[in-house]
Amino acid sequence: MTTRSIGTIAIAAALAVAAGLGVGAETATRDLPAPRNAAEIARALQRGAQAADLTDQEVEQLLRLHLVEEQTVRMVLLPVSVTTRNGRPIRGLQSTDFAVFEDRVRQDIEFFSADAEQPVSIAFLLDVSGSMRISGKLQAAKEAIRYFVEGLRPGDRFALICFADEQVDWVTEFTSDRDLFLARLEVQEGFGKTALNDAVAAAPRLVDAREGGRKAIVLITDGVDNASQLPEEAAIDFARTVSVPIYTIGFTALPEALRRRDDPTLNLRVLDSFARETGGALYAVHDPDEVKDAAVSISEELRFQYLIGYYPRERDWDGTFRKIELRTASSRREVRTRAGYWATP
């Protein structure tokens with residue numbers, strides 16, 4: 001996930017209420033737990049506690065310290081894709097067409113964007129391990145990336161990150177220079193083992209640190225992980241820390257007519273998890289034409305992506321994972337966004 005600090009809230013108003021309300025003898029003589037410190041009291045008021053719930057000692061403590069605690073307000077941003085059941089993007093939706101739930105509690109949508117003209121930043125995360133040399137997979141991946149980049153608009157930006165063995169390296173930083181990008185793409189060669197999980201754990205943070213606005217990762221691999229230090233779940237947790245959807249293009253030995261998504265022998269389950277948890281999508285490919293078709297679908301989807309933002313009702317950033325559910329009124333729409341985020345302090 002990513003959460004962006006966009007302002008602060010002062011609790012002075014809540015303290016003023018506490019100062020203006022008298023706390024009677026009944027409150028003072030109740031059997032209450034040990035008095036909280038000023039910061040704890042202020043946070044309780046921020047979460048909705050009433051001044052009448054405070055003891056005389058707690059009110060005096062607040063007034064004596066003149067506490068005004070500023071809390072960072074974080075907006076959770078959700079890149080959202082809405083498609084028909086056959087995968088075509090649905091345009092023209094408004095914020096009222098969506099309902100956002102965090103841990104089953106409905107949230108108020110505070111930000112909404114559906115600007116198809118906004119530039120996109122795409123990082124291609126390319127597997128250059130030795131297994132990608134088999135059956136021309138690496139060359140097919142290069143052709144798909146070239147096809148993808150040549151179809152982007154002026155103002156769009158693209159980057160290349162390659163991984164093999166224990167390395168996850170920037171080959172080309174984000175740029176709009178097609179010639180430079182394609183020249184560096186062309187010279188990449190396959191070597192070593194595949195540390196897929198490690199690459200997925202590292203790449204979203206690298207991308208998020210460099211680019212704002214609408215962005216995504218397009219991961220192209222055969223999905224054969226044989227060198228990662230991180231297990232799959234740890235990689236997913238790292239990917240969840242930022243709001244960068246991962247679109248995965250996974251090579252399979254089977255043609256589409258013989259392919260079953262739920263068949264574990266396809267070795268696509270991990271790629272599907274990475275895509276599903278971050279709000280992207282999995283594309284299983286067998287030949288170069290399918291790789292190009294996947295590139296076209298991803299490009300079109302990114303162009304018509306919605307961006308939704310909300311301030312979580314739960315303001316205690318306690319490090320827990322919070323699940324997100326996004327709904328629309330029509331059951332005919334397929335809606336994808338990140339599965340949740342870590343509420344890091």
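The values are calculated or read from the model by the stated rules, or taken from the named source; none is laboratory data. Only a predicted model underlies this, so the values are computations on that prediction, with no experimental measurement involved. Virtual Cβ from ideal backbone geometry, glycine too; neighbours counted across all protein chains shown.
Let's see how each residue does on (1) at pLDDT 90 or above; (2) buried (at least 22 other Cβ atoms within 10 Å of the Cβ); (3) among the aliphatic types (A, V, I, L, M); (4) under 25 Å from Asn197 (Cβ atoms):
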position	(1), (2), (3), (4)
Glu277	yes, no, no, yes
Ala295	no, yes, yes, yes
Ser299	no, no, no, no
Tyr306	yes, yes, no, no
Glu314	yes, no, no, no
Lys323	yes, no, no, yes
Leu326	yes, no, yes, no
Ser330	no, no, no, no
Thr344	no, no, no, yes
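Which of the residues that make up region 165-181 are at pLDDT 90 or above and crowded, with 17+ Cβ neighbours inside 10 Å?
Thr172, Phe174, Phe181
Looking at region 272-310 only, could you name the residues that are more than 14 Å from Gly250 (Cα to Cα), of a type in the set (A, V, I, L, M) and in a helix (DSSP H, G or I)?
Val296, Leu302 - these are the residues of region 272-310 that are more than 14 Å from Gly250 (Cα to Cα), of a type in the set (A, V, I, L, M) and in a helix (DSSP H, G or I).
How many residues are farther than 16 Å from Ser297 by Cα and either of a type in the set (A, V, I, L, M, F, W, C) or in the same structural domain as Leu326 (by TED's automatic domain parsing) (or both) if we restrict to region 79-106?
The number of residues fulfilling the criteria is 15.
Conditions tested, residue by residue: (1) among the basic types (Lys, Arg); (2) in contact (Cβ under 8 Å) with a residue 40 or more places away in the chain.
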{"site": "Phe124", "(1), (2)": "no, yes"}
{"site": "Arg133", "(1), (2)": "yes, yes"}
{"site": "Leu160", "(1), (2)": "no, no"}
{"site": "Ser176", "(1), (2)": "no, no"}
{"site": "Val200", "(1), (2)": "no, yes"}
{"site": "Gly213", "(1), (2)": "no, yes"}
{"site": "Asp225", "(1), (2)": "no, yes"}
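Find the residue count for region 202-211, including only residues that are touching a residue at least 12 places away in the same chain (Cβ under 8 Å), out of contact with any helix residue (DSSP H, G or I) (no Cβ under 9 Å at 6 or more places or on another chain) and either of a type in the set (Lys, Arg) or part of a helix (DSSP H, G or I) (or both).
4
Which one is nearest to the chain's Cα centre (by Cα), of the residues in region 183-201 that are surrounded by fewer than 19 Cβ atoms within 10 Å (Cβ to Cβ), part of a helix (DSSP H, G or I) and among the charged types (D, E, K, R)?
Arg184
What is the number of the single condition among (1) surrounded by 15 or more Cβ atoms within 10 Å (Cβ to Cβ); (2) over 21 Å from the mean Cα position of the chain (by Cα) that Pro119 does not meet?
Among (1) surrounded by 15 or more Cβ atoms within 10 Å (Cβ to Cβ); (2) over 21 Å from the mean Cα position of the chain (by Cα), Pro119 violates only (2).
Scan region 225-244 for residues that are of a type in the set (Val, Ile, Thr), in a loop (DSSP other than H, G, I, E, B) and either surrounded by fewer than 19 Cβ atoms within 10 Å (Cβ to Cβ) or at pLDDT 85 or above (or both) and jot them down.
Within region 225-244, Thr241, Val244 meet the criteria.
Any residue in region 153-163 that is surrounded by fewer than 18 Cβ atoms within 10 Å (Cβ to Cβ) and at pLDDT 90 or above?
no
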